[in-house]
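> Dropping the structure in here first, questions after.
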Amino acid sequence: MLGNNRKSTVNRREDILKTLSEKGKVFVQELSEKYQVSEVTIRNDLDKLEKKDLLIKARGGAIKVDFHVRSDQRISEKYQINIKEKARIGKLASQQIENYDTIIIDSGSTTAELAKNLNRFEDLTVITNAVNIINILLNIPGINIIVPGGYLRKNSNSLIGPPAEENLRKFHVDKLFLGVDGFDSSVGLYTPNIEEAHLNQLMIDNSNEIIVLSDSSKFKRKSLAFICGVKKINKLITDDGIDPKDMKQLQDAGIEVLIA
């Protein structure tokens with residue numbers, strides 16, 4: 001009986017991957033009805049397949065992934081992935097900030113969740129190159145916003161290039177909240193864009209404390225451009241989906257790992 005159940009599970013997951021390959025996305029409710037199993041069972045299937053880098057979970061289902069080096073996704077696509085985890089990460093990240101701090105918030109969907117939790121501060125200076133984050137902060141009275149300028153990279157809604165780099169060199173901040181697209185716990189951080197990586201490196205050099213915000217789906221992935229090694233990181237805020245081996249490796253490297 002156990003053998004039949006295992007075979008059924010394997011066949012179902014293979015079929016899910018086949019459907020995903022053909023359609024590009026699948027939905028939990030539709031899969032539950034198709035295979036006549038609970039939505040909890042389908043979510044467990046998607047969890048297991050995501051851990052093998054065979055798909056990316058998104059709101060209500062999953063989207064196709066057919067690359068080992070992570071592609072340059074649009075910010076609108078990133079907003080659909082691991083929404084609840086990112087919200088928890090953003091809230092916990094806000095608790096690392098004190099009144100009168102000067103911080104940098106990097107572009108990204110997870111860092112945007114941090115920006116949504118800054119309305120309790122009386123006086124906070126935020127440097128950001130992210131247009132979506134600027135829009136979030138505009139109407140918060142206690143936030144002083146500094147925008148380094150640059151040209152707009154539409155995929156990430158971020159300002160990059162020589163003007164942004166030149167202006168960032170003039171600042172030094174208490175904390176950097178850095179978003180990433182790929183995280184190899186034995187090597188370091190990655191992003192799909194070379195200019196964005198260079199800007200991130202300047203942010204790191206000009207910050208007292210480096211705090212990385214990364215949901216667990218980013219681990220064991222790489223993108224085109226290398227940002228920095230793990231030794232540069234002070235804190236990582238992630239979710240409970242992180243592989244215990246990755247957590248131990250980072251803690252052994254002296255990084256404080258916070259689980260949201």
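> From Ile160, Ile127, grab the single residue that is at pLDDT 95 or above, touching a strand residue (DSSP E or B) at 6+ places or on another chain (Cβ under 9 Å), β-branched (Val, Ile, Thr) and in the same structural domain as Asn82 (by TED's automatic domain parsing).
It is Ile127.
> Could you list, in sequence order, the residues of the stretch 14-29 that are part of a strand (DSSP E or B) and β-branched (Val, Ile, Thr)?
Val26, the sole residue that qualifies.
> How many residues does the stretch 6-55 contain that are loosely packed, with under 15 Cβ neighbours inside 10 Å, modelled with pLDDT under 90 and of a type in the set (A, V, I, L, M)?
Residues meeting the conditions: 1.
> Could you count how many residues in the stretch 7-63 are of a type in the set (A, V, I, L, M, F, W, C) and over 26 Å from the mean Cα position of the chain (by Cα)?
3
> For the stretch 231-260, give me the residue count where each residue is among the aliphatic types (A, V, I, L, M) and farther than 29 Å from Leu46 by Cα.
Number of matching residues: 3.
> Now a separate question. Identify the residue in the stretch 78-113 that is of a type in the set (D, E, K, R) and farther than 18 Å from Gly241 by Cβ and, among all such residues, is surrounded by the fewest Cβ atoms within 10 Å (Cβ to Cβ).
By that ranking, first place goes to Glu98.
> Taking helices (runs of 4 or more DSSP H) that fall entirely within the stretch 114-226, which contain at least 1 residues that are of a type in the set (A, V, I, L, M) and surrounded by fewer than 16 Cβ atoms within 10 Å (Cβ to Cβ)?
194-205
> Further question: Within the stretch 80-110, track down each residue that is under 12 Å from Lys175 (Cβ atoms), not in a loop (DSSP other than H, G, I, E, B) and not aliphatic (A, V, I, L, M).
Ser94, Thr102
> May I pose another question? When the residues of the stretch 56-77 are filtered to those that are β-branched (Val, Ile, Thr), crowded, with 17+ Cβ neighbours inside 10 Å and within 19 Å of Ser21 (Cα to Cα), which remaining residue is modelled with the highest pLDDT?
Checking each candidate, the answer is Ile63.
> For the stretch 102-124, name all the residues that are of a type in the set (S, T, N, Q) and out of contact with any strand residue (DSSP E or B) (no Cβ under 8 Å at 6 or more places or on another chain).
Asn117, Asn119
The values are calculated or read from the model by the stated rules, or taken from the named source; none is laboratory data. A quick note: this is a predicted structure, and the numbers were derived from the prediction, not measured. Cβ coordinates were reconstructed from backbone atoms using ideal geometry, including for glycine residues, and neighbour counts include every protein chain displayed.
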